[in-house]
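No lab work stands behind these numbers, since they all come straight from the coordinates. Since we're looking at a predicted model, the values are computed, not measured. Backbone-built Cβ (ideal geometry, glycine too); neighbour counts: all protein chains shown.
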Amino acid sequence: MSELFIYNTLTGKKEKFEPLHTGKVGMYVCGPTLYSEPHMGNLRTFINFDMIYRYLLFLGFQVKYVRNITDCGHITNSLGQEQDSIGKAAKLEQMESLEIVYKYNSKFQDIQKAYNLLRPNIEPTATAHIQEQIQIIEKIMANGYAYESNGAVYFDLEKYSKSNAYGVISGRKIEELLSESRELQGQDEKRNSVDFALWKKANPEDMQIWRSPWGEGNPGWHIECTAMSTKYLGEQFDIHGGGMDLKFPHHEDEVAQSCGAGMKNPAKYWMHANMLNVNGQKMSKSFGNFFLPFEILEGTTSIFTKPFSAPVVRFFMMMGHYRSDLDFSNDALLSAEKGYERLTEAFGKVSKLSASDSSNSKEAIAQVESNNAAAMNDDFNTSKLIAELFELATIINKIDSKDLIADQNDLKKINEIIQGYFVQVLGINFESNHSNQSQAMEHLMNLVIEIRKDSREKKDFATSDKIRDYLNQAGIELRDGNEGTSWKI
RNA sequence: GGUCGGGUGGCCGAGCGGCUAGGCAGAGGUCUGCAAAACCUCGUACAGCGGUUCGAAUCCGCUCUCGACCUCCA
């Protein structure tokens, strides 16, 4: 069995995965800010990390998976202006902040369920960890890397960068950032505009306010991740993940905060999932080119001609690699859907296959299995994994048509591969075609197929074709195979 | 403007120094009463121009082009 290699943003290389503690993995992923319903682009990141989580479990690791929920949105932009996105949404919808968060959190949970995401072990919220955040800020201040200014606390990046490396994750150079910022330096309370807020002074219109040693206010947006990842995973853990767009400044600042507080770079492996594109452009709230996870399922977005099921969408996403960008389009989804159907149809008939006493398919099956492992161990190459699963589908179809023969063990092995890699790792819960049909329907179809068989044997093709055409119109397809006729809706 | 990452056959999408990616669409074939499905075969693609090399889609340089980050963002 080959070993797992992970692309580490920190080093820009694929590295052999060696967890800090044998057999155990600590993973922290930056979750959503709940000021609106997460869109498809947000979901892609979560689905990718869900796949990563699933594969780690599949390998037998004991994984502690933490993904935060940002439920207070006090954020500053470069000009030092505050943007309380949750408060803003609350006013817009005439609701309390808590109501907004509650509303979108339950929506987010529904989405995760619909798209078959495994729940993280812990989904901590920022507002429940104000004390922890304050404590870390105090540590940073004690170490001299933060200063108070007019009721707010800022991280002193210039000072910090003199004795610490800043910008490793995003490849940013501190000198450039500082020189840019000097030109922009303005009226605000920061010494340097690259300095970021650890604690913000409250505004009268703020909906969420907490007490702190520096007066009433609310936390900056990077500190919650530092506080919560430290609390639940320790000062250093294995994997820290998030979308690419969080590399700078969010992840850089997390590292700075941890080191500034006397801890280490929190993660051994930093992983970044790429963006979801629409017409070559990143899906984003501000571009307005986004659509929602439920809209695809319902077929209510303008770029799609029809609805697509959650497993199909998930399958489509898995066809691309997590570090590549992925373009969503009608054609791409349509072709993914066709492929998905071919695959799941083949997988669905495994249980009906009859085993032979001998076998000539062992080698092919073993090849698929070892290629599967190799693909996933190579930085989670789901794209290659799916190519292998199509090979498996061909093998199954050949067994079905007696071009290959398989014994009981082969069929068992095939089933294990499907359950392991397709269902468990890729997280695609396919319904075998007839599983949701009623017994009555099954009997009825058997009867119809029997009648048609009789007429075909009497060369009464007019009748047999009539039956087939009728069923076709009703959306039921008949397929005449060596073993008799099967049907599909 | 700065930094970084892309440009692969009709479309989507892996690979990243020599060995078939795969899917969808298309062509031909096998099976079949016909059809569908399935199976087999096929197209000979790597933005352009140079260079390195026995050998490059894969490495280097230049050009064109798209995008991301530099402001909130998964």
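Assorted remarks:
- Converting phi to 3J(HN,Hα) with the Karplus coefficients 6.51, -1.76 and 1.60 and the offset θ = phi - 60°, the stretch A:165-171 yields 7, 10, x, 5, 6, 9, x Hz in sequence order, with x at every glycine or proline.
- Ranked list, fewest to most other Cβ atoms within 10 Å of each Cβ, for A:MET95, A:MET319, A:MET283, A:MET27: A:MET95, A:MET319, A:MET283, A:MET27
- Taking A:LYS201, A:LYS24, A:LYS413 and counting other C-beta atoms within 10 Å, the order from fewest to most: A:LYS24, A:LYS413, A:LYS201
- GluC sites (Glu not before Pro) restricted to DSSP loop in the stretch A:410-489 with at most 13 other C-beta within 10 Å: A:GLU431, A:GLU483
- Placed amide H near A:LYS24: partners under 5 Å, 5+ positions off or other chain: A:GLN62
- Low-density loop positions, trypsin sites (Lys or Arg not before Pro), the stretch A:255-340 - DSSP coil, at most 14 other Cβ in 10 Å: A:LYS264, A:LYS285
- For the stretch A:35-52, 3J(HN,Hα) computed residue by residue from phi via the Karplus equation (6.51, -1.76, 1.60; θ = phi - 60°) reads 9, 7, 6, x, 9, 4, x, 4, 5, 4, 4, 5, 5, 4, 6, 5, 5, 4 Hz, glycine and proline entered as x.
- In Hz, Karplus ³J(HN,Hα) per residue of the stretch A:225-237 (6.51, -1.76, 1.60; θ = phi - 60°; x = Gly, Pro): 5, 4, 5, 6, 5, 5, 4, 9, 10, x, 5, 9, 9
- Placing a label point 7 Å from the Cα of A:SER329 along the Cα-to-Cβ line, the residues of the stretch A:279-296 whose backbone N sits under 16 Å from it are A:279-283.
- Gyration tensor (alpha-carbon) shape descriptor, the stretch A:5-273, a/c threshold 1.5: oblate
- Long-range amide H partners of A:ASN8 with built H, under 5 Å: A:LYS13, A:LYS14, A:GLU15
- Label sites at A:THR11 and A:GLU477, each approximated as a point 7 angstrom past Cα along Cα to Cβ, lie 4.8 nm apart.
- Annotation: the antiparallel percentage among DSSP beta bridges lying fully within the stretch A:1-159 is about 55.
- Chymotrypsin sites (Phe, Trp or Tyr not before Pro) lying in DSSP loop within the stretch A:246-338, provided at most 11 other Cβ fall within 10 Å: A:PHE287
- The distance between label points at A:ASN415 and A:LYS384 comes to 3.0 nm (points 7 Å beyond Cα on the Cα→Cβ vector).
- Least to most buried among A:ASP253, A:ASP331 (fewest other Cβ within 10 Å first): A:ASP331, A:ASP253
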